[in-house]
Amino acid sequence: MLKNGTATFKRVQSPYALVSVLDGQGSITVGGKVYPLKKGQHFIITTLADQWTIKGDMMIIASEPGSDSLKA
């Protein structure tokens, strides 16, 4: 849970991250662009984004595929 704060994330190895806003509202900054977020929204961070920052008062959940799921 983010309480009126800021958190920055970096993509390390996963090809994507699936993010859901469970409660509250705020914003996400990706590539210098700011997008509003609110409860009920879902989005995917792709390989085009190496880093993203969220700000606000919200609860999010983010998931990435595990290394086993990426094997052919």
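The values are calculated or read from the model by the stated rules, or taken from the named source; none is laboratory data. Keep in mind that what you see is a predicted model, and the values were worked out from it rather than measured. Virtual Cβ from ideal backbone geometry, glycine too; neighbours counted across all protein chains shown. Please note that ligands, DNA and RNA were not included when accessible areas were found on the heavy atoms of the full protein model with its side chains. Shrake-Rupley method; radii C 1.70, N 1.55, O 1.52, S 1.80 Å.
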When G40 is run through (1) of a type outside the set (A, V, I, L, M, F, W, C); (2) in contact (Cβ under 8 Å) with a residue 24 or more places away in the chain; (3) at positive phi, the failure sits at (2)
If we keep only residues of region 35-50 that are of a type in the set (A, V, I, L, M) and surrounded by 12 or more Cβ atoms within 10 Å (Cβ to Cβ), then the residue farthest from I61 (Cα to Cα) is A49
Counted residues in region 10-21 being open to solvent by less than 80 Å² (accessible area, probe 1.4 Å) and modelled with pLDDT of 85 or more come to 6
